[in-house]
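J.: There's a structure below that I have some questions on.
The values are calculated or read from the model by the stated rules, or taken from the named source; none is laboratory data. All values derive from a computational prediction rather than experimental measurement. Here the Cβ positions follow ideal geometry from the backbone for every residue, glycine too, while neighbour counts run over all protein chains shown. Just the protein is used for accessible areas: all its heavy atoms, side chains included, with ligands, DNA and RNA removed. Shrake-Rupley method; radii C 1.70, N 1.55, O 1.52, S 1.80 Å.
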Amino acid sequence: MVRFSEYYLTTTKEETANSDIPSYSLSLRAGMIKKIASGVYAFLPLGYRILKKIEKIVREEMDKTGAIEMLMPALQPGDLWLQSERWQKYGPELFRLKDRNDRDFCLGPTHEELITYLASLDIKSYKDLPVNLYQIQVKFRDEIRPRYGILRAREFIMKDAYSFSADETDLDIIYKKMYGCYSSILERLKLKYYAVEADTGLIGGKYSHEFIILAKNGEDEIVYCPICGYAANYEMAKFKSKKQNIDEPIGEVLQVHTPAVTNIKSLADFLKLPADKIIKTMLLNDKGGNHYAVLLSGDRELNIPKVEKIAGCSLELVENNATGAEMNIGFLGPAGLDSKIKIFADNIIKGRCNMAAGANKKDYHIVNLNYPRDFEVDVWGDFSFAYEGDLCVNCGSPVNFEKGIEIGHIFKLGTKYSKKMGALFLDSEGRLNPMIMGCYGIGVSRILAAVIEQLHDAKGILWPVCIAPFLVNLVAINMEDPDITSNAEKIYEILMREGFEVIFDDRNVRAGVKFKDSDLIGIPIKLIIGKNYAENEEIEIELRKDGTKMKMGVSQTIDFIKSYSQKNFF
RNA sequence: CGGGAUGUAGCGUAGCUUGGUAGCGCGCAGCGUUCGGGACGCUGAGGUCGUGGGUUCAAAUCCCGCCAUCCCGACCA
């Protein structure tokens, strides 16, 4: 296939500065990518080979589900984004630009607007539905902090699919197909992953799943139950608290002078109470200036998205200085709170007794608060994050925590875009309806990094056979020995005739360099031609996976490679 | 956006405090010796010291602006 000496590939022995995680450092050292600007990378020939193989797998699995491939422009007119109102909502993450006539454009971070626009032009009847369209395209997001190389880049390659259907049932069918599709993609790539319940934000009421690849350096955290298989995004995770409600005689309400004690830790020290006997009162407000107080056990953290979900609007924490003295930030509590403020209380507090909380008065707290004697609650719910030691919401076993990389996200969009952009169809009774949409993304270039993140060792990358840039590296031990070179050439011919993806390391460098490069790049099989081939016609085989070494004749070697490639190791 | 740092050959860096010849390692080219897990010797090519201005007889070095890159920061009742 290719001769190393003629190929475009340079590897480096030394790491580059700031290549802080293995996948980044190795993809630079193996000569797969090159950084062009912050968060912008070029795929060099080796990296591009791998990328194309990943694309191929994604494409095959998508096609199997009946999804149809197309290609939309990366450059999109601002008008469409005005229609969906995302032009206003998206913020600086959206790459915006103007053409010579001063018209607004953006570089697409996703393609909902475009696809919905296209569907509105072409789809008129329920007979045209359902349909699931996808593309593999470059996306742009002006990330606040691009990092970890290709894992979190500003320009990246993504497969995104958009489904249109006439009813929820068809949406469910496609959603399930996509769920299955993503699972098969990740299984073919030999990745360890979880499909977790994810936050839909305020947009979609329905559910969504994230596909998370387990990795120490991941930026996402998941909570899962090893017993029953429950898995969720850290922010979303439901759980049961282990702590029992304490049964003790109800005490009398007392006001305590607590000068300048404004946080849980100092209050716990001051009152000599454990943090979970304190009610933490967090104040949020919505865009309309309405306040919401959230009561939490003192040892828990506020989970704003969970509150937003119940409140039905986006919320912000009230800043310390924002409301000034009249709110008594630092001394808030449920008892005697301004009645205009809605009180949300975490279920964990339910049944607890003799709690301490702020007195809504500077420098004072109250002890021995008891519900419902001393305060009211408008809404009970789950408003905190799961902690180590919490229990599975389904089966009650302790939950585990794991870091990971978000690789895919499937989402039921509903009619958000179709309504705004007029993507309507006539149903069988002649009524006009907005199409029901779903969107399904998977990060193609991110997969490349994620695979390395999961599959590498001290020597380099361990590619699964299905995406390895080459299956076989033919190493001629010494290019100045005519016997060795002529034998290697002969074997090279045979391997090519067999149709194997082979790179022939014909460089005039020492054997050690060839071995190191081969391991770094992560080619699954090394075939080594040295002196002993001339002696007994046996090829030395070494496997990257575990360093296994074997010797066998040419035809057995061919058979071995065939069967090895079919097994798709890792 | 706030805080902190850094920019010197393709890559990694020294020199800057105390202004005066730009140095080292890797890589690259040539020659020779080597040749089964990143060899060695000799020779050589390669630098607007991020950029613009200022101070000075003289600036990689001191001062100011700009640009780029990197790190940290979203939990406080």
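J.: Treat every Asp and Glu Cβ in the stretch A:460-567 as -1 and every Lys and Arg Cβ as +1, leave all other atoms uncharged, and give the resulting dipole magnitude about the Cα centre to the nearest 20 debye.
T.: Computed charge dipole of the stretch A:460-567: roughly 420 debye.
J.: Let me check I've understood the local charge: for A:Met72, count other residues with C-beta under 13 angstrom from its C-beta, Lys and Arg +1, Asp and Glu -1. What total comes out?
T.: After counting each charged neighbour, the total is -2.
J.: Give the accessible area for A:Glu540 in Å² (nearest 10); use a 1.4 Å probe, count only protein heavy atoms, and leave out ligands, DNA and RNA.
T.: Answer for A:Glu540: close to 50 Å² accessible.
J.: State the extension gain, in nm to one decimal, for the chain segment bounded by A:Met70 and A:Ser266, taking 0.36 nm per residue of separation less the distance between their alpha-carbons.
T.: Answer, rounded to one decimal: 64.6 nm.
J.: Additional query: If I model a spin label at A:Ala42 and A:Lys13 as a point 7 Å from the Cα along the Cα→Cβ vector, what separation in nanometres do I get?
T.: Here the modelled spin labels are 2.5 nm apart.
J.: Percent of Cα-Cα pairs per 10 Å bin, from 0 to the last occupied bin, for the stretch A:254-381, please list those.
T.: 13, 49, 34, 4
J.: Per DSSP H run of at least 4 residues, take -39500 (n - 2.57); add these up for chain A, divide by its residues and hand me the 222 nm value, nearest 500 deg cm²/dmol.
T.: -8000 deg cm²/dmol
J.: Here's something else I'd like to know. Hey, what do the phi angles of the stretch A:301-317 turn into as Karplus ³J(HN,Hα) couplings, whole Hz, using 6.51/-1.76/1.60 and θ = phi - 60°, x for Gly and Pro?
T.: Per residue, the Karplus-derived 3J(HN,Hα) values read 10, 6, 10, 4, x, 5, 5, 4, 4, 6, 6, x, 8, 7, 10, 10, 5 Hz.
J.: Taking square-rooted eigenvalues a ≥ b ≥ c of the alpha carbon gyration tensor, is the stretch A:460-567 rounded, prolate or oblate, where a/c under 1.5 means rounded and, failing that, a/b exceeding b/c means prolate?
T.: oblate
J.: Right, here's the next one. Any of A:Lys531/A:Lys562; A:Lys309/A:Lys340; A:Lys53/A:Lys89; A:Lys490/A:Lys526; A:Lys52/A:Lys139 with alpha carbons more than 28 Å apart? Name them for me.
T.: Details: A:Lys531/A:Lys562 25 Å; A:Lys309/A:Lys340 20 Å; A:Lys53/A:Lys89 36 Å; A:Lys490/A:Lys526 16 Å; A:Lys52/A:Lys139 16 Å.
Pairs exceeding 28 Å: A:Lys53/A:Lys89.
J.: Taking the Cα centre of chain A as origin, sum charge times position over the Cβ atoms of Lys and Arg (+1) and Asp and Glu (-1), and report the length of that vector in debye to the nearest 20. Intermediate results must be reported in sequence, preceding the final value.
T.: Values: 74 positive and 80 negative charges, 44 e Å.
That gives chain A a dipole magnitude of about 220 debye.
J.: Restricting to the stretch A:460-567, what percent of DSSP beta bridges are antiparallel, rounded to 5? Walk me through the numbers before you get to the answer.
T.: Working: 8 of 17 bridges.
In the stretch A:460-567, approximately 45 percent of DSSP beta bridges are antiparallel ones.
J.: How big is chain A by Rg and Dmax over its Cα atoms, in Å?
T.: Considering chain A through its Cα atoms, Rg and Dmax are 29.8, 97 Å.
J.: How would you classify the stretch A:366-408 from its alpha-carbon gyration tensor, with a ≥ b ≥ c the square roots of the eigenvalues: rounded for a/c under 1.5, else prolate if a/b is greater than b/c, otherwise oblate?
T.: In terms of gyration-tensor shape, prolate.
J.: Below 11 angstrom from the Cβ of A:Ile115, what's the summed charge of the other residues (Lys, Arg +1; Asp, Glu -1)?
T.: Net of charged neighbours comes to -4.
J.: Counting only DSSP beta bridges with both residues in the stretch A:254-381, what percent are antiparallel, rounded to the nearest 5?
T.: DSSP beta bridges in the stretch A:254-381 are roughly 70 percent antiparallel.
J.: Ok, one more. Tell me, what is the 1.4 Å probe accessible area of A:Trp87, in Å² to the nearest 10?
T.: 40
J.: Relative contact order of chain A: what whole-number percent is it, with Cα pairs under 8 angstrom and at least 6 residues apart?
T.: On the way: 1180 pairs, mean separation 97.2, N = 570.
Here the relative contact order equals 17 percent.
J.: Also: Give me the number: length gained by fully extending A:Ser339 to A:Asp247, i.e. 0.36 nm times residue separation minus the C-alpha to C-alpha distance, one decimal in nm. Numbers along the way, then the final one.
T.: On the way: separation 92, 0.36 × 92 = 33.12 nm, distance 2.94 nm.
Between A:Ser339 and A:Asp247, full extension yields an extra 30.2 nm.
J.: For a quick check of understanding: with a 1.4 angstrom probe and all protein chains in place, what accessible area in square angstrom does A:Val475 have, to the nearest ten?
T.: Per-residue accessible area (A:Val475): approximately 0 Å².
J.: Give the residue from A:Asn368, A:Pro464, A:Leu75 lying farthest towards the positive end of the charge dipole for chain A; charges sit on Cβ (+1 for Lys and Arg, -1 for Asp and Glu) and the dipole is referred to the Cα centre.
T.: A:Leu75
J.: Kindly rank A:451-457, A:215-221, A:262-268 from highest to lowest mean number of other beta carbons found within 10 Å of each residue.
T.: Ranked from most to least packed, the peptides come out as A:451-457, A:215-221, A:262-268.
J.: While we're on this one: Given Cβ point charges of +1 (Lys, Arg) and -1 (Asp, Glu) and nothing else, what value in debye, to the nearest 20, does the dipole of the stretch A:254-381 about its Cα centre take?
T.: 260
J.: Cα gyration tensor of the stretch A:442-521, axes a ≥ b ≥ c as square roots of the eigenvalues: rounded (a/c below 1.5), prolate (a/b > b/c) or oblate?
T.: oblate
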